[in-house]
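Here the structure is laid out as structure tokens; the discussion comes afterwards.
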Amino acid sequence: MSEIAPAEIPQGSNEPVDEGPVWARRTSALWVRYTSSSPIVIAALAVFLGLVFGAIIIATTTPAVLDAWRSIFHHWSGLPVAIKVTFDNVGSAYRAIFTGSVVDPQGFWHSLTTGKGWPNTLTPISETFTYATPLVIVSIGVGIAFQTGLFNIGANGQAVIGGIAGAAVGSMLHLPTILHLPLTLLGGIAGGMLCGALPGVLKAYTGAHEVIVTLMFNYVTYAFLLYAVLSTPFQQPGQSNDIGRTMDPSAILAPLFGTKSGLRVSYGVFVAAAVVVFAWWLLDRSSMGFDFRVTGANPAAARASGINGRRVIVVVFLISGGLAGLAGLVQVASTTHYIDGGFLIGNAGIGFTAITVALLGRNRPMGIVWASLLFAALGVGGRNMQASTGIPLDLATVIQSAIVLFVATPVLVKEIFRLRAAPTATVQLATKGWGS
Amino acid sequence: MQLELRGITKRFGSFTANDQISLKVEPGQIHSLLGENGAGKSTLMNVLFGLLRPDEGEILIDGVVTPINDSGEAVRRGIGMVHQHFMLVPVFTVAENVVLGFEPKKSFDRIDYRAATEDIRRLSQEFHLEVDPDAVIENLPVGLQQRVEILKALSHDAELLILDEPTAVLTPQEIDALMDIMRSLAAAGKSILFITHKLKEVKAIADVITVIRHGQVVGTAEPSASESELASLMVGRDVQLTVTKSTYDPGDEVLEVRDLVVLDDRGLVAVNGVSFDVRAGEVLALAGVQGNGQTELVEALVGMRPVVSGSITLKGRDITHLSPRDALDAGLGHIPEDRQRDGLVLSMSVADNLVLNTPRRAPFARRGTRNLAAVKENAQRLVREFDIRTTSIEAPASSLSGGNQQKVIVARELSRNIEFLVASQPTRGLDVGSIEYVHRQFIEHRNRGNGSLIVSSELDEVLALGDRIAVMFEGRISGIVDPTTSREDIGLLMAGHTTEVAGV
């Protein structure tokens, strides 16, 4: 082999980074460095792709847009009009989402210059926060379970039970605020914990798969909800409908800016903030959270390191369920103040949205905050879009789903944007498979 | 088939895994590719098998430049690969696995099992690869499964066989059988590219040895070269292959095991009434062919497997039925057999892995809150003291080479002030440099007056480390001998003969 002189070896280079002027090379290197492996960039691009996907849906389903394109079959001169109509429709839909969920710039300018109409101007952002608050809490609960390698599909049912328990404490006891509100919050947590403990114990001691148990448990809770709102102690007195008692003013989470402002955003945001801090401490700073993460990442190593796997499962389900229950209570205590038979059913099922929110937020507390705000904004703004442009609210759900799809397939996103993987980058999945 | 690689270069980002590698394999030749873990052997083979595209260089088959773009093309060109981890379907028979993807067909698209079976019989006879075509893979021992992989490659008319670390999973007897197969294949004119980091095997079988280090060819050697010459080529410095120990001066008994009975996962008796003592300042090496109860014995010692009967006593304290946590806290250190499964969390940082089983202990935590400064300080100190090669203490453990991953575990256990070390296959799959390092750490631990039980299926390791050697066979200790005993006698004990018969 030694007879092969190095000079004979064909030299070639296919490193694109080495080409082009210095500035281009630098930018390209920076681009690669900051984009290739950062999950935040992937999430942001997934959101962007979701919006693009939504735009395509709007363009291909809105009758006005389709009519404009159909006209170019009669004469090609209709093309510029068709393009304009397309962009107008997409633009007005997204503008409606934005002004309906964040702020209307015109109204904002008006309020700023005249000092009037602030409540109206702030209503959209207030609504977004109102919807995001319980979503943050329940999603963090789901995210903590995910980080431990556990699927809590039953967060919605836990939130329902938490809501019922909290609303019961809030409506059937009569105490001063300083006692009543904490007791109500604890009632919500306790209800969710109770509901989460059962799947946890079953998983830890019998091996029953938590996905099946928690999923099925949701239906049990819905049945209990209907029973509760129609049964004597909890049903609204003098009502025959499926409505529960109204909570005492001493037990509710009052609006931040007073009842007169009409803004619904409540003191619940502080509860959510406390949960975020708690989750950050738990996952990043506590030795218990360290055990959780070790268990989630490698159960065999967890066992060899002396971590009691059964205890971890039960404790995680208590925490996850407790947070879900708290979220359900916050939902009631900051909006309707009573529970009805449709509580958290169907589209309102924040416990199910939480699964996708946790995924989008990569199970990290702050990531979940951003993801919740985004999902809440799409939901709230979508309603405004439906009202002002006639495009159905379901589009918001389509966009949410598309975003989750893109987040779940980082390889696809990287391919679309031609992001190169860093040498040591490994695909990190936010969740694990069912196998464990 | 004559195969030539010319100037193969493969980069991953800024890291060059293969740098201008050239080598030539002649027909009927056994060509050994020797290198440490992470030297770039597997990358080169993946390039050759079409799984990776080289950035530079070319592959010549019988003197003709032949680009290989995917593994299907490699197979068509007559290149067969036997991976370190077998690619077999466990519930299928040998015949089904061999024809998988290339099934001979009868009418109505039915698989012609008779033709498949006949084909395998013929190949088996031709190359002396005895295996029952109707046996189900999961019932076969590892050595036979490997034969099926080789048969599979041969059934595709492979002229060049790539064997990637084929001996890593085999018992000594199976290794001998594999060597015979390799010789008969070479005699039949097949070329073999044999990838390994084990010096003894290279010397035993290779016609030509190419040594690579850091992705470059650093030299070629004849099989007559001494082991220490090869080792120093591999690691780039002189390596001490024997361990220097201070004189054997055992103290009191530290660990006493009495009549221990432990079951395996299937509920069968794996450890059948084992008794032994280990004293302070002593290494008891536990030899034996794998699967004779060593794994279950170790798991029982560290609390990971329930003890049916018998007792374990550590410094006078009964630790028979402790949980893993309590066993760790009682002063047992454990270096698990499967380091990636039981010893590390690969996705977590080196720093976190260094406190994996002491996250709650001072100074790493106070009242449930972790002290990350102490964790970091601990990591920096251990990375320095134990020479763990990592880009950062925050890097995930998965980014480390196998040897450095093991150093993380060794550092964690030995820095924990343990009374007794239990190490299982501590140097399996490690390169010579890391082996030397790990052995030195064990001996220092012993010289400080601590007891150790070191389980290994490598006889060299057992002989180098052990102050006394216990041999395990079918769940029992067939004998405890001193390290001057000949290899042959220990071999007899490993085969189940008792000390009287073995004459020691």
Whole-Å distance linking the alpha carbon centroid of segment B:1-54 with that of segment B:161-186 is 20
Simple spin-label estimate for B:HIS128/B:GLU253, 7 Å along Cα→Cβ, in nm, reads 5.0
Can you tell which of A:LEU183, A:LEU419, A:LEU112 shows the greatest fluctuation in a Gaussian network model of chain A with Cα springs below 10 Å? A:LEU112
Selected from B:VAL142, B:SER107, B:MET81, residue furthest toward positive end of dipole (segment B:64-180; charges at beta carbon): B:SER107
For chain B, calculate the relative contact order in percent as a whole number, restricting contacts to Cα pairs under 8 Å that are 6 or more residues apart. 15
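Rounded to the nearest 20 debye, what is the charge dipole size of segment B:282-341 about its Cα centre when +1 sits on each Lys and Arg Cβ and -1 on each Asp and Glu Cβ?
Once rounded to the nearest 20, the dipole reads 80 debye.
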Charge dipole (debye, nearest 20) of the protein assembly as shown; +1 at Cβ of Lys and Arg, -1 at Cβ of Asp and Glu: 4240
FRET efficiency for B:ASP329 and B:SER275, Cβ-Cβ distance as r, R0 = 22 Å, nearest 0.05? 0.30
Once both label points are put 7 Å beyond Cα along the C-beta direction, the B:ALA395-A:ALA408 separation in nm becomes 3.4
Here the FRET efficiency for B:ILE111 versus B:LEU459, based on Cβ atoms and R0 = 45 Å and rounded to 0.05, is 0.50
Report the label-to-label distance for B:GLU222 and A:TYR205 in nanometres (one decimal), using points 7 Å from each Cα along the Cα→Cβ vector. 7.3
Per GNM of chain A with C-alpha springs under 10 angstrom, the most fluctuating residue out of A:GLY100, A:GLY262, A:GLY306 is A:GLY306
When all C-alpha to C-alpha distances in the protein assembly as shown are sorted into bins of 10 Å, what percent of pairs does each bin hold, rounded to whole numbers? 2, 9, 15, 18, 18, 16, 11, 7, 3, 0, 0
Angle between chain B longest axis and helix B:372-385 axis [Cα atoms, degrees, rounded to 10]: 70
Using the alpha-carbon atoms, what tilt in degrees (0 to 90, nearest 10) does helix B:402-414 show relative to the longest principal axis of chain B? 10
Helix-only [θ] at 222 nm, chain B, -39500 (n - 2.57) per DSSP H run of 4+, per residue, nearest 500, equals -9000 deg cm²/dmol
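So which helices of chain A fit the span-like rule, where a helix is a whole DSSP H run, its Cα atoms reach 24 Å or more along the axis, and its mean Kyte-Doolittle is at least 0.0?
Membrane-span-like by this criterion, though nothing is claimed about a membrane: A:39-61, A:79-101, A:118-147, A:155-172, A:177-206, A:210-229, A:309-334, A:365-389.
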Springs between alpha-carbon atoms under 10 Å, Gaussian network over chain A: tell me which of A:ALA354, A:ALA204, A:ALA64 tops the mean-square fluctuations. A:ALA64
Find how much the distance from B:ASN447 to B:GLN84 grows on full extension, using 0.36 nm per residue of separation minus their present alpha carbon separation; answer in nm with one decimal. 127.0 nm
For the pairs B:LYS10/B:LYS190; A:LYS203/B:LYS407; B:LYS152/B:LYS203; B:LYS10/B:LYS407, flag any whose C-alpha to C-alpha distance is greater than 30 Å. A:LYS203/B:LYS407
Could you work out the mean count of beta carbons from other protein chains within 10 Å of each residue's beta carbon in B:52-60? 2
Rounded to whole Å, give me the distance from the Cα center of segment B:391-462 to that of segment B:195-213. 25
Dipole check, segment A:126-375, charges on Cβ (K,R +1; D,E -1), about Cα centroid: among A:TYR131, A:ALA279, A:THR177 the Cα furthest to the positive pole belongs to A:ALA279
Theoretical gain in end-to-end length, A:THR397 to A:ILE56 [0.36 nm per residue, Cα-Cα removed]: 121.3 nm
For chain A, what is the mean residue ellipticity at 222 nm derived from helices alone (per DSSP H run of n ≥ 4: -39500 (n - 2.57); sum divided by total residues; nearest 500 deg cm²/dmol)? -22500 deg cm²/dmol
Over chain A, what portion of Cα pair distances is larger than 37 Å, expressed as a whole percent? 36
Largest first and to the nearest Å, give the Cα extent of segment B:3-235 along each principal axis. 54, 37, 30
What percent do you get for the relative contact order of segment B:21-134 when only Cα pairs under 8 Å and 6+ apart count? 14
Evaluate segment A:126-375: find the radius of gyration of its Cα atoms, find its Kirkwood radius, and give the ratio Rg to Rh. 0.98
Lys, Arg +1 and Asp, Glu -1 on Cβ, resulting dipole of chain A about Cα centre, debye, nearest 20: 500
Cβ-derived FRET efficiency at R0 51 Å, B:ARG266 paired with A:ILE178, nearest 0.05: 0.25
Count the net charge of all other residues whose Cβ sits under 11 Å from the Cβ of A:ASN152, scoring Lys and Arg as +1 and Asp and Glu as -1. 0
Cα long-axis angle, helix B:142-155 against chain B (0 to 90 degrees, to the nearest 10): 20
Relative contact order (percent) for chain A, with alpha-carbon contacts under 8 angstrom and 6 or more residues of separation? 28
To one decimal place, what orientation-averaged projected area in nm² is obtained for the convex hull of the Cα set of chain B? 26.4
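Values quoted throughout were computed directly from the atomic coordinates according to the rules given, and no laboratory measurement underlies them. Computed from a predicted structure; not experimentally measured. Every residue, glycine as well, gets a Cβ built from its backbone with ideal geometry; the counts of neighbours run over all protein chains shown.
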